[in-house]
Amino acid sequence: MAETTEKKLSGAGLRGQSAGETALSTVGKSGSGLTYRGYDVKDLAENASFEEVAFLILYGELPTEAELSAYRAKLKGLRGLPQALKEVLERIPASAHPMDVLRTGCSMLGNLEPEEGFDEQFDVANRMLAAFPSIICYWYRFSHDGVRIEVETDDEQIGAHFLHLLHGKAPSELHARVMDVSLILYAEHEFNASTFTARVCASTLSDMHSCVTGAIGSLRGPLHGGANEAAMELIQDMRDEEHAREVLMGMLERKEKIMGFGHAIYRESDPRNAIIKQWSEKLSKEYGDDRLYRVSVACESLMWEQKKLFCNADFFHASAYHFMGIPTKLFTPIFVCSRTSGWTAHVMEQRSNNRIIRPSADYVGVGLRQVTPIAQR
Ligand SMILES: CC(=O)SCCNC(=O)CCNC(=O)[C@H](O)C(C)(C)COP(=O)(O)OP(=O)(O)OC[C@H]1O[C@@H](n2cnc3c(N)ncnc32)[C@H](O)[C@@H]1OP(=O)(O)O
Ligand SMILES: O=C([O-])CC(=O)C(=O)O
């Protein structure tokens, strides 16, 4: 039986209702938890790179070697930022949330390089994939370290490029690989809240930058992409397994939400978790202090024991990113750098078979009444 059919469905949050068709991915279908254009995400995480996956999502098939090297060269050539965008980024304070920076960065890019017609949609999507790591790292390094970094590196892969810009040096092979896997895991996920936001915007025949700017805003919240950051804040002060259990039991008693657990569609597990968990364990050994990994495992066991709630893609991403020296507030922006592939492909899919998305509402307000003249109110 499909995992999704076991869930008690209700109208709240449009849960369980089909809101359209997609050929991009399946989530929570029996046999395989998550597929991108027919490929299991586990298979892709083991045997492909993020650029291959982005190509697959955008163009429909995995690239040949020649197509991949041409695609990587194209993306490399699109990493630079216009001076006017750098100036805007320099005006944003260090106290800003990096998701707000990306939202502004995407919107500003739309002013400087507008999508003039839908025939430019692939170019715009690729420009965003190439430029978002530059935008976030340019702002971060300027506002936090006072340096104006060069945003064009020779790294072939977007994940390695991101770490290079952030740390000012090329990453180790292990870190480059983990970033690559992480970007693959976050690339696409059917009609999640941020993708649906992008599709609603696309359905009005708006431009790509507006669709993606809106999607960034939806991803920012802790019930969605913001959960990786919130999970880090939760685990960072846990001293050991015992303390982790104490903290979580208290939160459960107070009926607080525990970020990084549960899912709107998956019922028993999120297939991305086992993959990033393994990499987090590997990184913890290299890091030389596995406390965060151990407390994360303790949280996972306790949540399943107490609530039958499982880790979603975000939970072990927290420790994995931390072990690679990534500041917590940059966790969700990395999700953006990846999900831009899915968002832009969904915008194109919506455009290819469009009807404006406009559902109805059940009215629960007061009945019809007349305006009392203002002097008598
Ligand atoms: C990449 C991603 O975006 S994955 C999602 C990231 N978000 C999070 O990690 C935030 C924490 N998780 C949640 O808030 C939720 O599980 C969501 C938003 C992901 C899904 O929400 P829903 O589909 O409404 O959850 P669902 O219907 O499965 O909830 C069932 C019950 O479990 C509870 N529950 C679900 N998740 C959690 C959690 N993380 N902590 C505590 N309780 C939870 C719900 O409150 C609900 O309880 P109730 O029946 O007493 O109201
Ligand atoms: O599908 C969802 O609701 C959230 C999610 O896991 C994702 O967007 O990756």
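For Glu256 and Ala94, compute 0.36 nm times the residue count separating them, minus their Cα-Cα distance, and round to one decimal in nm.
Separation in residues times 0.36 nm, less the Cα-Cα distance, equals 55.3 nm.
Could you work out the relative contact order of region 70-164, using alpha carbon pairs under 8 angstrom and six or more residues apart, expressed as a whole percent?
Across region 70-164, relative contact order equals 43 percent.
Please compute the net charge surrounding Pro333, taking Lys and Arg as +1 and Asp and Glu as -1 over other residues with Cβ under 14 Å from its Cβ.
Summing Lys/Arg as +1 and Asp/Glu as -1 gives +2.
Assuming a ≥ b ≥ c are the square roots of the Cα gyration tensor eigenvalues, decide whether region 264-377 counts as rounded (a/c under 1.5), prolate (otherwise, with a/b larger than b/c) or oblate.
It comes out prolate by the Cα gyration axes.
Lys/Arg Cβ at +1, Asp/Glu Cβ at -1, dipole of the chain taken about the Cα centre: which of Ser269, Cys299, Leu223 is farthest positive-ward?
Value: Leu223.
Might you list the cysteines of the chain that have no disulfide-compatible partner by the rule of another cysteine's Cβ under 4.7 Å?
Lone cysteines by the Cβ rule: Cys106, Cys137, Cys299, Cys311, Cys337.
Filter Lys29/Lys307; Lys86/Lys329; Lys285/Lys329; Lys29/Lys282; Lys169/Lys285 down to the pairs with a C-alpha to C-alpha distance above 27 Å, please.
Lys29/Lys282, as the Cα separations exceed 27 Å there.
Going by how many other beta carbons lie within 10 Å of each one, how would you line up Thr195, Thr328, fewest first?
Ranking Thr195, Thr328 by Cβ neighbours within 10 Å, fewest first, gives Thr328, Thr195.
Taking springs between alpha-carbon atoms closer than 10 angstrom, which of Asp362, Asp40, Asp237 fluctuates most in the Gaussian network model of the chain?
Highest fluctuation of the listed residues: Asp362.
Please give, to one decimal in nm, the separation of the simple spin-label points placed at Asn47 and Ala12, each 7 Å out from Cα toward the Cβ.
Label-label distance for Asn47 and Ala12, simple model: 4.2 nm.
Sort Arg177, Arg127 so the one with the fewest other Cβ atoms within 10 Å of its own Cβ comes first.
Lowest count first: Arg177, Arg127.
Can you give the FRET efficiency to the nearest 0.05 for His144 and Thr204, using r as the Cβ-Cβ distance and R₀ = 45 Å?
That gives a FRET efficiency of 0.75.
Where in region 106-137 does the amide nitrogen come within less than 15 Å of the point 7 Å from the Cα of Ala70, taken along Cα to Cβ?
Within reach of a label on Ala70: 123.
Give me Lys329, Lys277 sorted ascending by neighbouring Cβ count inside 10 Å, so fewest comes first.
Lys329, Lys277
Coordinate-derived values only; no laboratory data. It should be emphasised that the depicted structure is a prediction, and the values quoted were computed from it without experimental measurement. In this analysis, Cβ positions are derived from the backbone assuming ideal geometry, glycine residues included, and neighbour counts consider all displayed protein chains.
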